[in-house]
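The values are calculated or read from the model by the stated rules, or taken from the named source; none is laboratory data. These figures come from a predicted structure and were not determined experimentally. Cβ coordinates were reconstructed from backbone atoms using ideal geometry, including for glycine residues, and neighbour counts include every protein chain displayed. Heads up: the accessible areas ignore ligands, DNA and RNA and are worked out on the full protein's heavy atoms, side chains in. Shrake-Rupley method; radii C 1.70, N 1.55, O 1.52, S 1.80 Å.
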Amino acid sequence: MSSSPIASVLFVCVHNAGRSQMAAGFLTHLAGDRIEVRSAGSLPADQVNPAAVEAMKEVGIDISGRRPKVLTAEAVQASDYVITMGCGDACPVFPGKKYLDWALEDPAGQGVEAVRPIRDEIRTLVEGLIAEAAPETAK
C-alpha cells in the first residue's frame, strides 16, 4: 500500500556534511517514504563528516553512502519545507514554502563525542517536524 509522499523537506547547511545529512538520515529513517527528503549546502564539502557518520551509526542509521550536494533554486522550489541550519542568506526564498531555521552547533572539525548531543537535538527536531508535516506517520 504505497502512496506518494505527503510532504517534501529540504535540509540546508553550509557544507551539507554534518547537520543536514544527519537530519535527512533521521527523517528518512523515521518517516520512510511518507516524506520526500533532500539535503544540500551553499558550499558543499567533499565528503560527509566522518564524526557525523559515526554518531548516526551508533543509533542504527547509515549515512556513509551520502554525498554533499550543492543547493539549487530547483531543490528549494520542489520542497514544501526548507530547513536551514546556519546557511544565512544563501538560501533562496520562494512564496508558499515553509521556512524554519534550526540553530544547531556546527559539528565540523569536532569528534564524535561533541557530535552526539547535536545528533540527539536533530532527532528531537525531526520528530517534531514529522508530527507537523505528516502527523499520521509520527510514532
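Charged side chains reduced to their Cβ positions (Lys and Arg at +1, Asp and Glu at -1) give the chain a dipole of some 220 debye around its Cα centre. Taking amide H atoms as placed 1.01 Å from N in the peptide plane, the amide H of Val37 lies under 5 Å from those of Val9, each 5 or more residues away in sequence or on another chain. Per-residue 3J(HN,Hα) values for the stretch 42-54, derived from phi via the Karplus relation 6.51 cos²θ - 1.76 cosθ + 1.60 with θ = phi - 60°, read 6, 9, x, 6, 6, 8, 6, 4, x, 5, 5, 4, 5 Hz in sequence order (x marks Gly and Pro). Helical content of the chain, expressed as a calculated mean residue ellipticity at 222 nm, amounts to -10500 deg cm²/dmol (DSSP H runs of 4 or more residues, -39,500 (n - 2.57) each, divided by residue number, nearest 500). Each residue was assigned an accessible area with a 1.4 Å probe, and for His29 the value is about 100 Å².
Each of Pro50, Ser64, Ile35 was placed along the dipole of the stretch 34-76 (beta-carbon charges, centred on the mean Cα), and the one lying farthest toward the positive end is Ile35.
Starting from the Cα gyration tensor of the chain, take the square roots of the eigenvalues, sort them a ≥ b ≥ c, and report rounded, prolate or oblate (rounded when a/c is under 1.5, otherwise prolate if a/b is larger than b/c, else oblate). Mind showing how you got there, number by number?
Values: a/c = 1.67, a/b = 1.16, b/c = 1.44.
Note, shape of the chain comes out oblate.
If the segment from Tyr99 to Ser64 were pulled out straight at 0.36 nm per residue, it would be longer than the present Cα-Cα gap by 9.9 nm. Label separation (Arg116 vs Ser4): 4.3 nm, computed from points 7 Å beyond Cα along the C-beta direction.
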